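Inspection log for the structure reproduced underneath, given as structure tokens.
The values are calculated or read from the model by the stated rules, or taken from the named source; none is laboratory data. Just so you know, these numbers come straight off a predicted model, no measurement behind them. Note: ideal-geometry Cβ built from the backbone for every residue, glycine included; neighbour counts use all protein chains shown.
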Amino acid sequence: MNDSGTPETEVEVVVAGAGQAGLAGAYHLRRAGYAPDRDFVVLDGSPRPGGAWQFRWPTLTYGKVHGMHALPGMELTGADDRRPSSEVIGDYFTAYERAFDLRVRRPVRIRAVREGDGGRLRVETSQGVWSARALLNATGTWDRPFWPRYPGQESFRGRRLHTAGYPGPAPFAGRRVVVVGGGTSAVQHLLEVAEVAAATTWVTRRPPVFHEGPFDEARGREVVARVEERVRRGLPPRSVVSVTGLPMTEAMRRARAAGILDRLPMFDRLTPTGVAWDDGRAVEADVVLWATGFRAALGHLAPLGLREPGGGIRVEGTRAVRDPRIHLVGYGPSASTIGANRAGRSAVREIRALLADAPARPSQPALAAAV
């Protein structure tokens, strides 16, 4: 118990989030000899296993998922490509948590991380307070959908919604729909909605760039290097597609031939009946669907003052430069399933070094397991 009178549960490490990055980190903590509940705890704000995948729209089947990599130590095999990805990956994460006895606590919302007593971190949550020597933060982005603001949006008489609340194409039958955004989700929404809508319009800030062929290792390294550079400079990480471009699929080729992927530049304002440009062009719309991405959900770290003047958190490897106790996984260059796996391993290696001056506990025989 500290000066506030609130009881605290002491652990060495708090893992915040149980998506791909959080589970990868928890797995490597287990391999290093740390015991769940006594040495580390995994706190997840979602109602069930699956990370952000559990909230994906039902028509995003597993066969449509781009670049899902298995968690460390356990392959995802035998999945039915026709099943919703939310179900497939939710079941996989459930089995993974059980297989490695990760004991995820949910739903637990982390409200704030503050400076605690004796150089420890005070992690305040909806289910109590934990005191930790390190935080492996894997809170992702799903809780922070980005809604751009445009003149006239309050006057628009139609419906506005975001990818975070996209229900699948059925509710858009017979409607005139404007899809905003240049990422993979925007294109997936557009292709689905176009099959049932009265009309669709695709709007992006920048001309979309499509790429052909495989996304090989050399290209992957280039993307990671470009994102890492922004994070090292303390700038907010950009979306992956802004660096990689859109992978061209057969469905996208057909849609382009049909004119569905004819993109317009970003409109200047919303009107009561649609959207309009300053050059006099206008499009009538019943729905504006914002596929404008997400921002890192890091508000709980605000009391620690980690942000740089550029608006991001400067990170070296996974370690926050302003506070070596904080490790960000699934952030910046590790904001992909394969990147999250690698970041989880790297973060645990750095956390072990941070905690190395503490005596080993009986549950941690020399902590010598490979990480």
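Being in contact with a Ser or Thr (Cβ under 8 Å, 6 or more places away or on another chain), not in a helix (DSSP H, G or I) and not β-branched (Val, Ile, Thr) is the requirement here; does PRO58 meet it?
Here the answer is yes, as PRO58 does meet what is asked.
(1) in contact with a Lys or Arg (Cβ under 6 Å, 6 or more places away or on another chain); (2) at pLDDT below 90; (3) under 20 Å from TRP53 (Cβ atoms): which one isn't true of PHE294, the others all being true?
Every condition holds for PHE294 apart from (2).
Do we find that THR77 is among the hydroxyl-bearing types (Ser, Thr, Tyr), surrounded by fewer than 20 Cβ atoms within 10 Å (Cβ to Cβ) and more than 19 Å from the chain's Cα centre (by Cα) in this structure?
Considered against the rule, which asks whether it is among the hydroxyl-bearing types (Ser, Thr, Tyr), surrounded by fewer than 20 Cβ atoms within 10 Å (Cβ to Cβ) and more than 19 Å from the chain's Cα centre (by Cα), THR77 comes out as yes.
Can you say whether PRO167 is within 27 Å of VAL14 (Cα to Cα) and in contact (Cβ under 8 Å) with a residue 40 or more places away in the chain, as far as the supplied structure shows?
Considered against the rule, which asks whether it is within 27 Å of VAL14 (Cα to Cα) and in contact (Cβ under 8 Å) with a residue 40 or more places away in the chain, PRO167 comes out as no.
Only one residue in THR271, THR249 is at pLDDT 95 or above and assigned by TED's automatic domain parsing to the domain that holds LEU191. Which one?
Just one listed residue meets the conditions, THR271.
Would you be able to say whether some residue in segment 147-157 is in contact (Cβ under 8 Å) with a residue 12 or more places away in the chain, surrounded by fewer than 18 Cβ atoms within 10 Å (Cβ to Cβ) and either within 16 Å of ARG56 (Cβ to Cβ) or touching a helix residue (DSSP H, G or I) at 6+ places or on another chain (Cβ under 7 Å) (or both)?
no
Taking strands (runs of 3 or more DSSP E) that fall entirely within segment 93-163, which contain at least 1 residues that are outside the structural domain of ILE326 (by TED's automatic domain parsing) and of a type in the set (Lys, Arg)?
The strands (runs of 3 or more DSSP E) meeting that bar are 159-162.
Go through the residues of segment 167-182 one by one and say whether even a single one is in contact with a helix residue (DSSP H, G or I) (Cβ under 8 Å, 6 or more places away or on another chain), of a type outside the set (Ser, Thr, Tyr), surrounded by fewer than 18 Cβ atoms within 10 Å (Cβ to Cβ) and closer than 30 Å to ALA21 by Cβ.
Checked against the condition, which is being in contact with a helix residue (DSSP H, G or I) (Cβ under 8 Å, 6 or more places away or on another chain), of a type outside the set (Ser, Thr, Tyr), surrounded by fewer than 18 Cβ atoms within 10 Å (Cβ to Cβ) and closer than 30 Å to ALA21 by Cβ, segment 167-182 yields at least one hit.
What number of residues in segment 270-283 are within 16 Å of GLU154 (Cα to Cα) and out of contact with any Asp or Glu (no Cβ under 6 Å at 6 or more places or on another chain)?
Residues flagged as within 16 Å of GLU154 (Cα to Cα) and out of contact with any Asp or Glu (no Cβ under 6 Å at 6 or more places or on another chain) within segment 270-283 amount to 5.
Conditions: (1) in a loop (DSSP other than H, G, I, E, B); (2) closer than 22 Å to MET266 by Cα; (3) modelled with pLDDT of 70 or more. SER239 meets all but one. Number of the miss?
So the condition that SER239 fails would be (3).
Which one of the conditions (1) in a helix (DSSP H, G or I); (2) surrounded by fewer than 15 Cβ atoms within 10 Å (Cβ to Cβ); (3) modelled with pLDDT under 95 does ARG345 fail to meet, given that it meets all the rest?
(2)
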